[in-house]
2 protein chains.
Amino acid sequence: MPVTIRDVAKEAGVSTSTVSKVLNNWSSISPGTCDRVHEAIKKLHYTPNARAVSFAKGASHNILFLSSLKKEEAYRNPHMFDILCGVRRTLADNGYTLMLTDLPDTPGPQEYLTGLIVNGIADGILIHGSCSFPQLARLLTENRFPHIHIGHPGPGSRMCWIDTNNGLAGQFAAQHMLECGYEKVAFIGERKTDHISTQRLNGFLGGMYDYGYRIPDEYIRYTDSTREDACRQTHQLLSLPVPPRAIICENNMLALGVVKALREKQLHIPDETAFLTFDSYPYSSIIDPIPTVIDIDVYDLGVQAAEMLLRKLKNPSLLVQTYTTLPVLRQGQSTAPIH
Amino acid sequence: MPVTIRDVAKEAGVSTSTVSKVLNNWSSISPGTCDRVHEAIKKLHYTPNARAVSFAKGASHNILFLSSLKKEEAYRNPHMFDILCGVRRTLADNGYTLMLTDLPDTPGPQEYLTGLIVNGIADGILIHGSCSFPQLARLLTENRFPHIHIGHPGPGSRMCWIDTNNGLAGQFAAQHMLECGYEKVAFIGERKTDHISTQRLNGFLGGMYDYGYRIPDEYIRYTDSTREDACRQTHQLLSLPVPPRAIICENNMLALGVVKALREKQLHIPDETAFLTFDSYPYSSIIDPIPTVIDIDVYDLGVQAAEMLLRKLKNPSLLVQTYTTLPVLRQGQSTAPIH
DNA sequence: CTGAAAGCGCTTACAG
DNA sequence: CTGAAAGCGCTTACAG
């Protein structure tokens with residue numbers, strides 16, 4: 001019932017090989033033949049059967065995106081879906097489709113993933129860090145399956161990966177604070193074990209150090225990641241013999257607590273005490289005053305991950321291990337130059 | 001290089017047809033043969049080529065999910081991705097893959113979508129309301145392509161659709177308020193033109209009416225959907241000769257404004273004025289006090305949409321047009337029974 | 001219960 | 001520049 005390449009060949013008065021060549025832009029086809037085939041295609045509303053094409057070509061032109069897709073994941077981790085959208089954009093622009101999957105807990109993630117790799121449903125895979133597991137690197141490299149791991153996979157991994165540059169984001173924060181004229185800057189982070197928080201803190205300390213400033217230990221605070229704790233820690237900072245002139249909050253939730261404390265102390269923001277936070281999500285739009293933010297474009301992270309993977313498809317030996325996606329400063333009203 | 005059905009057949013000493021039948025659980029195969037084939041499969045680590053299977057069977061066992069996937073969509077509309085996760089769960093449980101796509105703006109969405117439908121890359125499609133366009137219904141029904149539209153497609157549509165029951169959510173709100181003993185209940189909604197807000201409002205009014213209460217016009221407020229406007233409208237409500245005992249906020253942002261106004265008036269929540277909001281996302285976790293919420297499980301909406309579609313695949317004539325996914329009340333501290 | 005054979009709709013050396 | 005033919009790896013009537 002559906003129109004095939006044979007119908008087109010008959011209509012155009014050529015062989016199916018020729019139609020196929022026209023479809024695949026072979027240079028050997030004469031302009032006249034090319035036109036006739038295209039007319040026949042248009043006349044018959046022919047669309048190549050995607051299943052047959054990928055079967056005959058031995059390639060799916062499809063990419064797997066592996067990530068955690070649990071209930072309410074979208075609220076806990078919207079960044080991942082922003083990455084996904086960036087991936088999808090790049091793939092679509094390059095004629096690739098995107099298939100979304102997660103790891104089952106029952107039959108063992110390894111077997112499942114190996115099946116997906118071996119059965120040829122996709123030409124490559126993007127793995128979000130939320131879905132990593134110990135044997136993943138071995139599985140991918142042994143099968144020589146083109147992949148990019150989104151997020152640093154830990155030291156010494158042979159996987160290909162890309163990640164955002166959180167250390168640089170910390171440096172940007174330091175630089176902005178110094179440009180405003182704030183020299184006494186405190187940092188309120190998450191738990192001491194949190195990776196991203198640590199990277200940002202180290203970037204910040206390094207950035208300050210580069211300009212000749214050393215941050216005293218009592219200016220560095222760890223929290224249990226709640227508003228209340230951030231508020232409490234801020235009060236402690238403000239009670240120091242030499243309180244900070246500005247505070248860096250590692251995330252939006254902490255910023256809410258910092259603002260609360262500053263209000264309670266009736267300190268003017270930013271004239272008396274300034275602050276800055278990372279990420280504009282999820283609360284920056286409702287924090288008053290509008291916070292200055294060091295933001296990371298994770299959509300772009302997705303775009304770049306997909307580009308890397310497509311490059312690897314053409315050149316499988318390519319080793320990609322890179323920090324990418326630069327942070328961006330969004331000036332708000334919570335910092336301002338001292339004059 | 002990769003192991004095929006022929007290798008398995010040779011190893012097991014049977015024909016490829018027999019291997020295929022074992023793979024597809026044909027009942028005619030003798031237990032002994034079946035075992036030998038399975039052993040060969042295990043020994044050779046055979047995995048069927050997914051591309052070949054779908055080509056030979058003439059079905060992809062793949063479902064398209066069509067939705068808006070623009071940059072920062074994940075922050076603006078995380079609900080959609082929660083739906084997506086529900087869809088993915090159901091499809092995976094039933095042996096289907098999920099392909100994610102959006103509509104391009106350049107070559108015309110119709111041509112693009114028709115191409116996807118005709119080229120056989122998927123057996124059916126789920127369309128999120130964010131991606132609807134005028135000729136969509138005609139396109140799908142003319143091609144007889146199995147589909148479910150997530151979200152009401154407007155009156156008189158011949159499409160299959162499912163949606164959340166926002167009217168019922170409004171009724172639940174009314175019922176809860178009355179159960180607490182609040183009779184004078186106001187409603188702060190979005191713009192008058194907002195569909196969801198209107199449905200919830202109508203459900204609320206109907207629910208109150210069913211119990212014999214009629215809400216006066218001045219208790220119904222429309223806003224520009226900002227905190228500030230919600231705060232302003234709340235002040236106006238509180239200045240009425242007979243102020244409301246409780247307020248229903250159509251979304252979290254409005255609830256923030258309402259709380260601000262109640263604080264400014266130094267009214268105790270819920271002893272003097274109670275409130276309730278719809279959706280626990282995005283701010284309910286940071287609203288103080290913890291709000292009572294009428295929540296809708298949109299992950300479940302995805303689950304149900306996928307189930308409907310799979311049912312339609314087996315029975316193409318099935319017409320699905322239904323409100324589903326019941327609202328759930330989550331008791332917080334912003335309402336409490338009067339004693 | 002099993003197998004030989006045709007076929008799914010394309011692509012791609014190869015020959016001319 | 002074009003076409004006949006083999007093949008991609010399965011499935012499925014059909015015959016036995």
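Bear in mind these aren't lab numbers, they're just calculated from the coordinates by the rules spelled out. Computed from a prediction, not measured in an experiment: that's the story for all the values here. FYI the Cβ positions are ideal-geometry reconstructions off the backbone, even for glycines, and counts take in every protein chain you see.
Assorted remarks:
- Assuming charge only on the beta carbon of Lys and Arg (+1) and of Asp and Glu (-1), the dipole of the stretch A:166-296 about its Cα centre is about 200 debye to the nearest 20.
- Semi-axes of the equivalent ellipsoid for chain A, computed as √(5λ) from the eigenvalues of its C-alpha gyration tensor and ordered from largest down, come to 53, 22, 17 Å.
- Label-to-label distance, nm, for residues given as B:I290 and A:Q236 (7 Å Cα→Cβ offset): 2.6 nm
- Environment charge at A:G86 (Cβ cut-off 13 Å; Lys +1, Arg +1, Asp -1, Glu -1): -4
- Zone residues, the stretch B:87-105, relative to B:S157, backbone N less than 17 Å from point 7 Å out along Cα-to-Cβ: B:102-103
- Full extension of the segment from B:Q333 to B:S15, taken as 0.36 nm per residue of separation minus the current Cα-Cα distance, would add 107.6 nm.
- C-alpha long axis of helix A:252-264 to longest principal axis of chain A, angle in °: 20 degrees
- Among B:M253, B:M1, sorting on how many other beta-carbon atoms sit within 10 Å of each Cβ, with the fewest leading, yields B:M1, B:M253.
- In sequence order, the stretch B:275-282 has phi-based couplings of 8, 8, 9, 9, 6, 8, 10, x Hz under the Karplus curve 6.51 cos²θ - 1.76 cosθ + 1.60, θ = phi - 60°, and Gly or Pro positions carry x.
- D (Stokes-Einstein, µm²/s), Kirkwood Cα radius, the stretch B:29-152, 1.306 mPa s at 10 °C: 95 µm²/s
- Principal-axis tilt of helix A:227-238 within chain A, Cα atoms, nearest 10 degrees: 40 degrees
- Chain A: angle of helix A:78-93 to the longest principal axis, Cα-based, in degrees nearest 10: 30 degrees
- Dipole of the stretch A:183-332, positive direction: furthest Cα of A:I286, A:V185, A:A261, with charges on the beta-carbon: A:V185
- Placing unit charges on the Cβ atoms of the charged side chains and taking the dipole of the stretch A:166-296 about its Cα centre, the candidate lying farthest along the positive direction among A:A274, A:Y219, A:G170 is A:Y219.
- Total lysine pairs in chain B at Cα distances under 16 Å, for residues eight or more apart or on different chains: 5.
- Choice from B:A305, B:A186, B:A59 with maximal GNM fluctuation in chain B (Cα, 10 Å cutoff): B:A59
- Paramagnetic label zone (point 7 Å from Cα along Cα-to-C-beta, B:L326; backbone N under 20 Å) in the stretch B:280-309: B:280, B:293-308
- Interchain or long-range residues, amide H under 5 Å from B:I247's placed H: B:A186, B:A274, B:F275, B:L276
- Shielding by partners for peptide B:81-90, expressed as the average number of C-beta atoms from other protein chains within 10 Å of each residue's C-beta, is 5.
- Phi-derived couplings, Karplus 6.51 cos²θ - 1.76 cosθ + 1.60 at θ = phi - 60°, listed residue by residue for the stretch A:288-305: 10, x, 3, x, 6, 10, 9, 10, 10, 7, 6, 4, 5, 4, x, 4, 5, 4 Hz, with x used for Gly and Pro.
- Considering all C-alpha pairs of the protein assembly as shown, those separated by over 49 Å amount to 26%.
- Phi-based couplings in Hz for the stretch A:64-70 (Karplus 6.51, -1.76, 1.60; Gly and Pro marked x): 8, 10, 9, 7, 6, 10, 6
- Annotation for B:K192, label-to-label distances across the other copies: 6.0 nm (shortest first, one decimal, point 7 Å from Cα along Cα→Cβ).
- Counting only Cβ charges, +1 for Lys and Arg and -1 for Asp and Glu, the dipole size of the stretch B:5-48 around its Cα centre is about 60 debye.
- Using the Cβ-Cβ distance between B:E228 and A:H268 with R0 set to 22 Å, the FRET efficiency from 1/(1 + (r/R0)^6) comes to roughly 0.55.
- Against the compact-protein benchmark of 2.2 N^0.38 Å, the Cα-based radius of gyration of the stretch B:5-48 scales to 0.96.
- Average other protein chain Cβ within 10 Å of Cβ, residues A:210-216: 0
- In this structure the amide hydrogen of B:T324, modeled in the peptide plane, comes within under 5 Å of the amide hydrogens of B:D163, B:T164, B:N165, none closer than 5 places in sequence on its chain.
- The protein assembly as shown, helix-only ellipticity at 222 nm - DSSP H runs n ≥ 4, -39,500 (n - 2.57), divided by all residues, nearest 500: -13500 deg cm²/dmol
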